[in-house]
1. Considering only the range 198-220, state which residues are within 20 Å of the chain's Cα centre (by Cα) and in contact (Cβ under 8 Å) with a residue 60 or more places away in the chain.
2. Return a yes/no flag: does the range 187-198 have any residue that is in a helix (DSSP H, G or I) and aliphatic (A, V, I, L, M).
3. Sort through G64, G56, G31 and tell me the only one that's in a loop (DSSP other than H, G, I, E, B) and either touching a strand residue (DSSP E or B) at 6+ places or on another chain (Cβ under 7 Å) or aromatic (F, W, Y) (or both).
4. Across the range 131-169, what is the total count of residues that are of a type outside the set (D, E, K, R), more than 16 Å from ligand 2 (Cβ to nearest atom) and assigned to a helix (DSSP H, G or I)?
5. Go through (1) more than 16 Å from ligand 1 (Cβ to nearest atom); (2) without any contact (Cβ under 8 Å) to a residue 12 or more places away in the chain and name the single condition P83 misses.
6. From the set of residues in the range 1-60 that are among the polar types (S, T, N, Q) and within 22 Å of I108 (Cβ to Cβ), which is nearest to ligand 1 (Cβ to nearest atom)?
7. May I ask you to list the residues in the range 104-123 that are under 15 Å from L4 (Cβ atoms) and either assigned to a helix (DSSP H, G or I) or within 17 Å of the chain's Cα centre (by Cα) (or both)?
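Every number here is computed from the coordinates shown, using simple stated rules; none is lab data. These numbers come from a predicted model, not from an experiment. Because the Cβ atoms are built from the backbone with ideal geometry, glycine has one as well, and the counts that use them run over all protein chains shown.
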Amino acid sequence: PMKLLIDTDPGVDDAMAILFAARHPGIELVGLTSVFGNVTVAQATRNALALVERAGLSCPVAEGAGAPLVLPPFEPSAHVHGPEGFGAMPAPRPAGRALDEDAADFMIRMARDHAGELVLCPVGPITNVAEAIQRDPEFARNVKQIVFMGGALDVRGNVTPYAEANTWHDPHALDLVLGSGADVLMVGLDVTLQVLLEAGDFDRLAALCPGDGGWLRDMAGFYLDFYRSIGLTGCGLHDPMAVIACLRPDLFTIEYTPLEVVCDGDEIGRTRRSARPDRVAVGVCTDCDAAAVEALFYAPFDEA
Ligand code: BDR
Ligand code: CA
């Protein structure tokens with residue numbers, strides 16, 4: 001199975017991505033790392049531990065950044081993911097605790113131990129990955145691939161007309177990752193809003209898998225209310241789609257282009273094609289087989 005490390009700010013769709021990955025036979029989760037974003041980093045760490053315990057995994061959790069690289073600290077997105085990240089539900093209190101090592105050091109160690117094999121899947125602000133690149137000049141070479149959820153290339157942002165939330169939270173970090181020379185694949189709003197899960201889809205998930213599926217359905221109500229408030233009938237399959245792109249890149253149309261992130265002004269957080277001489281091409285998912293992606297998401301939850 002693929003050795004995968006998910007860097008996350010759980011978050012409803014983060015929880016969906018982590019439970020999907022935990023249940024998928026093609027994935028071996030080597031650990032989770034936490035980051036500020038949908039919730040504070042302390043809450044993200046607790047939620048990541050709770051997800052590991054819920055999934056019956058034994059992989060470690062390492063706590064990461066509490067604020068962006070350069071920008072001042074942010075307020076968490078409680079209006080989207082709820083006060084504790086799991087919608088209106090109180091987050092479970094985990095029994096375990098995080099490593100003493102921080103997220104960037106843990107990533108560096110995992111990338112060395114599994115050199116050429118480790119796939120990194122950041123689904124929150126990409127601050128921890130930027131810190132790992134800053135600390136270890138070998139890091140970008142040691143990881144097999146960085147498949148991140150974030151950005152919006154040819155579509156509108158979801159925080160501003162230009163910026164997607166993860167990128168908006170730490171534009172400097174993503175710009176650093178894009179210039180690192182690592183093998184990078186962007187899974188942004190161009191594709192993640194092509195698969196919208198509606199209330200009925202969560203009912204189906206709960207019917208397939210009353211335990212985890214039912215729990216996700218219960219936390220999704222609040223998240224779906226937010227999407228309805230912005231005129232969408234369902235929620236984007238954001239973070240799960242990054243994990244799916246790790247497994248099945250063939251379900252996506254990938255453009256290879258140098259990319260940069262706007263780091264100031266009105267368009268801060270915008271991802272765009274770049275002509276900068278320090279840039280090499282990275283992959284960007286521009287289109288996908290939405291029906292196949294959605295079917296793949298349900299598959300590990302089907303207990304029949
Ligand atoms: C991204 O922002 C967060 O709210 C979600 O968890 C996802 O990672 C979508 O823009
Ligand atoms: Ca997320």
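1. Scanning the range 198-220 gives D212, G213, W215, L216, M219, A220.
2. There is at least one residue in the range 187-198 that is in a helix (DSSP H, G or I) and aliphatic (A, V, I, L, M).
3. G64
4. 6
5. All conditions pass for P83, except number (1).
6. Selected residue: T8.
7. Once the filter is applied, which keeps residues that are under 15 Å from L4 (Cβ atoms) and either assigned to a helix (DSSP H, G or I) or within 17 Å of the chain's Cα centre (by Cα) (or both), the range 104-123 yields F106, M107, M110, A111, D113, L118, V119, L120, C121, P122, V123.
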